[in-house]
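Participant: So that we are looking at the same thing, I have put the structure below in structure tokens.
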Amino acid sequence: MGLLIVSVNMLFTLKFILMEISCLFVCLYVDDLIFTINNPSLFEAFKKDLSREFELTDVGLMSYYLGLEVKQMEDEIFISQESYTKEILKKFNMLDCNPVNTPIESGTKLSIFDEGEKVDPTFFKSLVESLRYITSTRPDILFAVGVVSHFMEAPTSTHLKVTRRILRNLKGAIDFGLFYSSNDFNLVGFCDSNYAGDIDNRKSTTSFVLFLGDSVISCSSKKQSIVTLSTCESEYIAAISCTCHVIWLRRLLKEINLPQIEATEICIDNKSAQALAKNPVYRDRSKHIDTRYHFIRERISKKEVELKYVKSHDQHADIFTKPLKFDDFQRLRSRLEMKKKNQN
């Protein structure tokens with residue numbers, strides 16, 4: 001029997017070379033372990049070997065881990081943070097607040113130069129950090145939390161009001177979470193940007209979301225590091241960020257026996273950015289873009305990724321770029337496979 005160990009951050013993969021390859025996946029956080037394997041006999045053997053070396057407490061099928069509540073069903077897994085969310089609402093005296101439908105009101109613009117009353121930065125940082133952890137199972141609040149995170153050094157009453165709105169939104173959807181199914185393991189990405197959305201420095205927001213089948217496995221919403229000169233450039237940089245993450249995930253999925261044979265589709269709603277990624281000829285309107293951002297062309301030529309145009313209405317990543325009206329927010333939230341605990 002051969003043994004191959006692969007470490008990706010704190011995920012360890014053990015491959016046992018038998019008549020067929022059996023994989024043991026171990027996720028480690030300090031002294032908490034999650035592990036699973038596609039071979040029941042090796043699963044029990046691993047537990048026995050581990051217990052001989054360490055003092056272990058076997059809590060059985062995972063139902064709670066670091067604030068994450070896990071409900072395992074025959075074909076699906078539901079992950080939420082309902083208890084943790086209630087603790088945060090109680091901690092910040094919002095348990096009896098009036099709920100709202102969206103985490104950030106449509107049209108909201110915040111500035112570091114806001115003249116509102118100053119707020120205790122320590123209190124504000126504690127609130128924002130608590131909200132950040134909830135985004136693990138509530139990607140629908142990711143953009144709003146990212147916005148208020150920019151004001152932790154010198155928050156005002158205006159910033160605090162917007163942050164408390166996020167809590168009010170959580171109160172109204174406290175039992176929401178993410179559903180994961182095992183029907184499809186095809187990796188697909190969506191990327192988007194909000195051009196010059198920051199009113200202080202006119203930087204754009206990059207966002208992307210990656211699906212394995214219908215299940216969200218990764219998402220991001222962050223301010224771009226440079227000021228872009230066009231919508232095309234802003235969208236192009238968003239596509240680059242998504243591509244880098246796709247390449248990393250393709251390698252990880254290959255290690256855990258879920259190789260992506262075909263090029264991974266990345267859906268983008270800007271035809272100019274799509275053309276720029278495919279065309280190796282510099283045009284006058286795009287030659288100012290730094291050469292490091294043309295990394296995507298190489299990945300397209302190697303057939304690792306493929307940019308696919310989608311209409312803005314079908315751009316799943318739009319929920320991570322700007323404040324939305326309730327109808328749009330609700331529509332995109334459902335596309336992230338976010339539902340109530342007992343909805344399925």
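Participant: Mind checking which pairs have a first residue in region 181-199 that is in contact (Cβ under 8 Å) with a residue 24 or more places away in the chain and over 16 Å from Cys232 (Cα atoms) and a second that is open to solvent by 30 Å² or more (accessible area, probe 1.4 Å) and among the hydrophobic types (A, V, I, L, M, F, W, C), Cβ under 6 Å, 6 or more apart or different chains?
Facilitator: Pairs that qualify, where the first residue is in contact (Cβ under 8 Å) with a residue 24 or more places away in the chain and over 16 Å from Cys232 (Cα atoms) and the partner is open to solvent by 30 Å² or more (accessible area, probe 1.4 Å) and among the hydrophobic types (A, V, I, L, M, F, W, C), are Phe185/Leu258.
Participant: Just to be sure, is Gly116 out of contact with any Asp or Glu (no Cβ under 9 Å at 6 or more places or on another chain), under 19 Å from Lys325 (Cβ atoms) and exposed (fewer than 14 other Cβ atoms within 10 Å of the Cβ)?
Facilitator: no
Participant: Open to solvent by 50 Å² or more (accessible area, probe 1.4 Å), out of contact with any Phe, Trp or Tyr (no Cβ under 8 Å at 6 or more places or on another chain) and at positive phi: which single residue out of Arg132, Arg202 fits that description?
Facilitator: Checking each option against the conditions leaves just Arg202.
Participant: Then there's this: Can you tell me which of (1) modelled with pLDDT of 95 or more; (2) within 22 Å of Pro99 (Cβ to Cβ) is the one Ser136 doesn't meet?
Facilitator: In the conditions (1) modelled with pLDDT of 95 or more; (2) within 22 Å of Pro99 (Cβ to Cβ), Ser136 misses (1) alone.
Participant: Another question about this same structure. Would you mind telling me which numbered condition in (1) in a loop (DSSP other than H, G, I, E, B); (2) at pLDDT 95 or above Ile319 fails?
Facilitator: All conditions pass for Ile319, except number (1).
Participant: Out of all the residues in region 34-78, which are in a helix (DSSP H, G or I) and charged (D, E, K, R)?
Facilitator: Hits for region 34-78 are Glu44, Lys47, Lys48, Asp49, Arg52, Glu53.
Participant: For region 225-236, which positions are open to solvent by 10 Å² or more (accessible area, probe 1.4 Å) and either more than 20 Å from Arg299 (Cα to Cα) or of a type in the set (A, V, I, L, M) (or both)?
Facilitator: Ser225, Ile226, Val227, Leu229, Ser230, Thr231
The values are calculated or read from the model by the stated rules, or taken from the named source; none is laboratory data. A quick note: this is a predicted structure, and the numbers were derived from the prediction, not measured. Every residue, glycine among them, receives a Cβ derived from its backbone with ideal geometry; neighbour counts consider all protein chains shown. Keep in mind that these areas ignore ligands, DNA and RNA; they rest on the heavy atoms of the full protein, side chains included. Shrake-Rupley method; radii C 1.70, N 1.55, O 1.52, S 1.80 Å.
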